[in-house]
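The values are calculated or read from the model by the stated rules, or taken from the named source; none is laboratory data. Just so it is clear, the model here is predicted, and its values are computed rather than measured. Note that we place each Cβ from the backbone using ideal geometry, even for glycine, and neighbour counts take in every protein chain shown. Surface accessibility is based on the protein's heavy atoms, side chains included, excluding ligands, DNA and RNA. Shrake-Rupley method; radii C 1.70, N 1.55, O 1.52, S 1.80 Å.
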Amino acid sequence: MKRTETVGTEAGDARVSWHPAKDARLVLALGHGAGGGIEARDLAAIAAELPGHSVTVALVEQPWRVAGRKVAPAPKTLDTGWRGVWPVLAGAGLPVVAGGRSAGARVACRTAAELGAAAVLALSFPLHPPGRPERSRAGELLGAGVPLLVVQGGRDPFGRPGEFPEGPYRMVEVPDADHGFAVPRRSAVTQEEALRAVTGAVAAWTAGL
């Protein structure tokens, strides 16, 4: 049964929504992006699907969202909030996979090694601002230092799969999907199929960890 708990951090109160698995073998902790919360379609789909694969999902709301603010703070503050939640995520003694979508993926990559994450799941990693490929954030991705899965929309303006540099990670492309994994009506892929591609990739990857 889903449960929610508030966690105090140096950046303010964060909130964790737990989606437990009966025989959990690991915890998948997912942060949200800078433009939305844990209701994002990919996060919701993973939280619904992965507990059936022995993976407890913890959706983490950063303090700025819990406080009702509309603008995300600087990356350093996001990292502080994530670090403050980590002891709770690791409290069950299970391996913790750090992850998130967009800005949340960046946080997971930046902090994975220091926090002892078992791996990182990067959903819609924002490789660069739209139209600004010269402002690459590849260093964050390549510096994660742990097993890494990137799930990226085929038409994500923040970085299409073909723009990513080679590196020690696995890339899964969701055809026709944008930054929020939405697909156009004219696409040969339905919205349901796109989300199944996301959850299927995550389930298969976590099974091998």
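Some values worked out for this structure:
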| read-out | value |
| --- | --- |
| Qualifying residue in the stretch 5-20 (condition: surrounded by fewer than 14 Cβ atoms within 10 Å (Cβ to Cβ), of a type in the set (S, T, Y) and at pLDDT 95 or above) | yes |
| Matching option when the condition is open to solvent by less than 30 Å² (accessible area, probe 1.4 Å), under 22 Å from F125 (Cβ atoms), assigned to a strand (DSSP E or B) and touching a His at 6+ places or on another chain (Cβ under 7 Å), among V57, V27 | V57 |
| Unique match (being within 20 Å of T4 (Cβ to Cβ) and either open to solvent by less than 70 Å² (accessible area, probe 1.4 Å) or part of a helix (DSSP H, G or I) (or both)) among L121, L50, L127, L141 | L50 |
| Residue list for the stretch 174-209, filter: under 17 Å from P126 (Cα atoms), open to solvent by less than 60 Å² (accessible area, probe 1.4 Å) and not in a helix (DSSP H, G or I) | V174, A177, D178, H179, G180, F181, A182 |
| Search result, residues across the stretch 169-209 that are of a type in the set (F, W, Y) and without any contact (Cβ under 8 Å) to a residue 60 or more places away in the chain | Y169 |
| Which numbered condition E166 fails, given (1) open to solvent by 10 Å² or more (accessible area, probe 1.4 Å); (2) in contact (Cβ under 8 Å) with a residue 12 or more places away in the chain | (2) |
| Condition check for G84: surrounded by fewer than 16 Cβ atoms within 10 Å (Cβ to Cβ) and not in a strand (DSSP E or B) | no |
| Residue match in the stretch 91-107 (condition: open to solvent by 10 Å² or more (accessible area, probe 1.4 Å), within 10 Å of the chain's Cα centre (by Cα) and without any contact (Cβ under 8 Å) to a residue 60 or more places away in the chain) | yes |
| Any hit, the stretch 144-152, residues being open to solvent by 70 Å² or more (accessible area, probe 1.4 Å) and more than 19 Å from V96 (Cβ to Cβ) | no |
| Residue among A122, A188, A177 that is small (G, A, S) and under 19 Å from V97 (Cβ atoms) | A122 |
